[in-house]
Amino acid sequence: MRTLIKNGTVVTAAETSHADVLIADERVAAVGVGLVESEEGLDRVIDATDRYVMPGGVDVHTHFDLPFGGSFCSDDFGTGTRAAAFGGTTTCVDFAVQDYGKTLREGLDTWFQKAEKAQTDYGLHMIVREVNDQTLDEMDGLIGEGITSFKLFMAYPGVFMLDDASIFRAMQRAAASGALILMHAENGGPINVLVDQLLADGKTDPQYHGISRPAAMEGEAVHRAFKLAELAGTPAYIVHLSSRDALDAVREARDRGLPAFAETCPQYLYLSHDDMARPGFEGSKFVCSPPLRPADHQEDLWAGLRQGDLQVVSTDHAPFNYKGQKELGVGNFAKIPNGLPSVEDRFTLLFQGVVNGHIGLSRFVELASTAPARMMGLYPRKGTIAAGFDADIVVFDPNHERTISAETHHMNVDYSCYEGWTVKGLPEIVMQRGTVLVEGDEWHGKEGGGKFLPRSRSQFLT
Ligand code: URP
Ligand code: ZN
Ligand code: ZN
């Protein structure tokens with residue numbers, strides 16, 4: 001199968017050029033001009049005039065089918081990866097979860113079963129809920145299977161939270177093995193005290209979720225995470241960074257030359273505490289952790305993306321329906337399942353950063369595809385358009401204006417955080433390994449069509 005994408009503007013993290021892309025079977029064969037003498041013998045020619053030709057998006061933080069807060073995320077691997085592809089994302093890295101009293105292996109096997117439905121390629125991180133001699137040994141073993149990153153929690157006491165000694169032990173093991181530690185950095189102890197006090201005062205509305213989780217407690221946790229990582233001699237990566245306080249702690253560590261990394265998410269760039277304070281119970285649609293911050297944090301996060309202190313934009317896609325799921329927290333904000341849907345919107349929302357002058361076009365590709373692929377050990381297979389890479393390609397119309405709505409999105413969730421927003425840009429054709437998954441409104445993928453991606457160690461560490 002040979003496909004030529006011609007007349008487009010090929011955009012990578014390194015450059016933007018008018019070039020054609022020749023695909024042979026699953027891989028990019030060549031990028032350049034005059035690649036074929038004749039179009040005869042090609043199976044398909046795609047005319048990308050006035051289009052950007054970009055590497056498929058890599059979202060390294062999704063939660064499909066996750067049990068959380070008394071409910072399950074409403075997208076499974078089938079619906080979630082399909083929605084991702086409609087939005088221009090062709091690789092997702094999801095989080096397998098260790099259950100209390102169970103091994104990492106058991107948690108991983110459960111996730112492999114869930115992932116049988118995947119319609120795009122995917123990788124897996126592992127959430128470690130209990131650190132003991134056995135799980136530490138298992139961490140080493142999983143690296144050989146391509147699970148090279150482990151998420152630890154400083155928040156959610158009694159659910160996910162680990163004490164500092166356990167975190168430190170896991171970090172020491174990562175230092176020895178080359179695994180990457182991913183950290184949910186919020187100080188769960190004082191947060192739970194505040195939760196109890198607010199509820200006792202009758203402050204039960206969704207906005208109090210935000211009040212109970214101050215940015216200072218994220219900043220403190222990020223600072224502590226990097227101090228522990230420094231002591232253990234290992235790199236660390238902060239997931240879903242939301243605030244100026246946390247960014248300052250990342251900067252401080254990086255300025256001292258530490259291998260300190262972080263991602264932020266579209267919700268922290270575009271939404272704010274005011275959304276959680278919408279009238280009635282509407283604010284529950286915006287409840288996630290860390291919470292949305294006052295809008296003045298957003299400029300700092302954009303600056304962090306420009307200046308390189310933030311390396312990745314992921315989604316932390318964790319969708320719960322408003323009806324029946326978010327509603328579990330009516331009268332008690334602490335019972336609202338935490339998480340927002342956005343796996344379909346990330347690529348286009350981040351592209352609005354180009355439209356609005358926050359970032360350049362190559363930086364967009366770097367944040368959406370190249371850096372996440374390198375950070376999570378998927379390079380040189382995913383993350384750019386170059387000979388030998390998987391032909392995961394988005395033909396993107398940058399001038400197409402459209403309105404985001406739950407009525408037209410493909411995520412299995414009954415609302416959109418961006419309902420009614422007008423955005424520029426449409427992933428018109430989305431290919432995975434040389435096969436078209438999305439063409440306009442049409443879906444050509446299938447459940448089980450996505451491949452598991454064993455990952456190498458983070459290439460940001462080498
Ligand atoms: O609110 C969030 N972030 N839900 C998903 C779980 C997590 O901590 O990433
Ligand atoms: Zn988290
Ligand atoms: Zn998450």
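The values are calculated or read from the model by the stated rules, or taken from the named source; none is laboratory data. Since the structure is predicted, the reported quantities are computational estimates derived from the model, not experimental observations. When we count neighbours, we look across all protein chains shown, and the Cβ atoms used for this are built from the backbone with ideal geometry, even at glycine.
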Being farther than 25 Å from T370 by Cα and surrounded by fewer than 24 Cβ atoms within 10 Å (Cβ to Cβ) is the filter here; which residues of the range 290-320 pass it? P294, A295, D296, H297
Looking only at strands (runs of 3 or more DSSP E) that lie completely in the range 26-78, which have at least 1 residues being at pLDDT 95 or above, in contact with an Asp or Glu (Cβ under 8 Å, 6 or more places away or on another chain) and within 21 Å of T120 (Cβ to Cβ)? 27-32, 52-55, 57-62
Touching a helix residue (DSSP H, G or I) at 6+ places or on another chain (Cβ under 7 Å) and away from ligand 2 (no atom under 16 Å from the Cβ), is that true of L152? no
Quick one: in the range 81-113, of everything that is among the polar types (S, T, N, Q) and over 13 Å from the mean Cα position of the chain (by Cα), which residue is surrounded by the fewest Cβ atoms within 10 Å (Cβ to Cβ)? Q113
Being more than 18 Å from R363 (Cα to Cα), within 16 Å of ligand 2 (Cβ to nearest atom), modelled with pLDDT of 95 or more and of a type in the set (A, V, I, L, M) is the requirement here; does A295 meet it? no
So the check is Cβ under 8 Å with 6+ separation or different chains; which pairs have a first residue in the range 231-252 that's under 10 Å from T264 (Cα atoms) and away from ligand 2 (no atom under 16 Å from the Cβ) and a second one that's among the acidic types (D, E) and at pLDDT 95 or above? L247/D300; L247/D309
Quick one: in the range 124-146, which of the residues that are out of contact with any helix residue (DSSP H, G or I) (no Cβ under 8 Å at 6 or more places or on another chain) and within 16 Å of ligand 1 (Cβ to nearest atom) is nearest to P235 (Cα to Cα)? H125
Before we move on, is V430 under 28 Å from Y322 (Cα atoms), not in a loop (DSSP other than H, G, I, E, B) and not small (G, A, S)? no
For the structure I just gave you, tell me whether S149 is under 16 Å from the mean Cα position of the chain (by Cα) and within 16 Å of ligand 1 (Cβ to nearest atom). yes
When both residues are 6+ apart or on different chains and their Cβ atoms are under 8 Å apart, which pairs have a first residue that lies in the range 308-331 and is under 18 Å from S289 (Cβ atoms) and more than 16 Å from ligand 2 (Cβ to nearest atom), and a second that is assigned to a loop (DSSP other than H, G, I, E, B) and among the small types (G, A, S)? Q325/S74; L328/G69; L328/G70
Somewhere in the range 210-221, is a residue over 17 Å from L461 (Cα atoms), touching a residue at least 12 places away in the same chain (Cβ under 8 Å) and touching a strand residue (DSSP E or B) at 6+ places or on another chain (Cβ under 7 Å)? no
Flagged in the range 239-252 as surrounded by 24 or more Cβ atoms within 10 Å (Cβ to Cβ) and farther than 10 Å from P290 by Cβ, in numbering order, are L247, A249, V250
Please find, among E407, E401, the residue that is of a type outside the set (A, V, I, L, M), more than 23 Å from L453 (Cα to Cα) and part of a loop (DSSP other than H, G, I, E, B). E407
List the pairs whose first member sits in the range 64-82 and is over 24 Å from G445 (Cα atoms), whose second member is at pLDDT 95 or above and not in a loop (DSSP other than H, G, I, E, B), and whose Cβ atoms are under 8 Å apart, counting only residues at least 6 apart or on separate chains? P67/V97; G69/L328; G69/K335; G70/L328; G70/K335; S71/L328
Among the listed residues Q307, Q311, Q298, which satisfies the condition of being farther than 15 Å from S342 by Cβ, more than 16 Å from ligand 3 (Cβ to nearest atom) and touching a strand residue (DSSP E or B) at 6+ places or on another chain (Cβ under 8 Å)? Q311
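Taking the stated definitions as given, is I181 buried (at least 20 other Cβ atoms within 10 Å of the Cβ), more than 16 Å from ligand 3 (Cβ to nearest atom) and touching a residue at least 24 places away in the same chain (Cβ under 8 Å)?
Criteria not met by I181.
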Would you confirm whether any residue within the range 278-286 is within 16 Å of ligand 3 (Cβ to nearest atom) and in a helix (DSSP H, G or I)? yes
Do we find a residue being closer than 22 Å to L292 by Cα and within 16 Å of ligand 2 (Cβ to nearest atom) anywhere in the range 342-357? yes
Can you tell me which condition E401 does not meet? The list is (1) out of contact with any Pro (no Cβ under 9 Å at 6 or more places or on another chain); (2) of a type outside the set (G, A, S); (3) under 17 Å from L241 (Cα atoms), and all the others hold. (3)
When you go through (1) in contact (Cβ under 8 Å) with a residue 60 or more places away in the chain; (2) more than 16 Å from ligand 1 (Cβ to nearest atom); (3) within 17 Å of the chain's Cα centre (by Cα) one by one for W302, which number turns out not to apply? (1)
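One line per residue, one yes/no per condition, for (1) touching a residue at least 40 places away in the same chain (Cβ under 8 Å); (2) not hydrophobic (A, V, I, L, M, F, W, C):
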| position | (1), (2) |
| --- | --- |
| G353 | yes, yes |
| R374 | yes, yes |
| A391 | yes, no |
| S405 | no, yes |
| M411 | yes, no |
| E439 | no, yes |
| K446 | yes, yes |
| G449 | yes, yes |
| F460 | yes, no |
Can you pull out every residue in the range 124-148 that is in contact (Cβ under 8 Å) with a residue 60 or more places away in the chain, outside any loop (DSSP other than H, G, I, E, B) and out of contact with any Ser or Thr (no Cβ under 7 Å at 6 or more places or on another chain)? L124
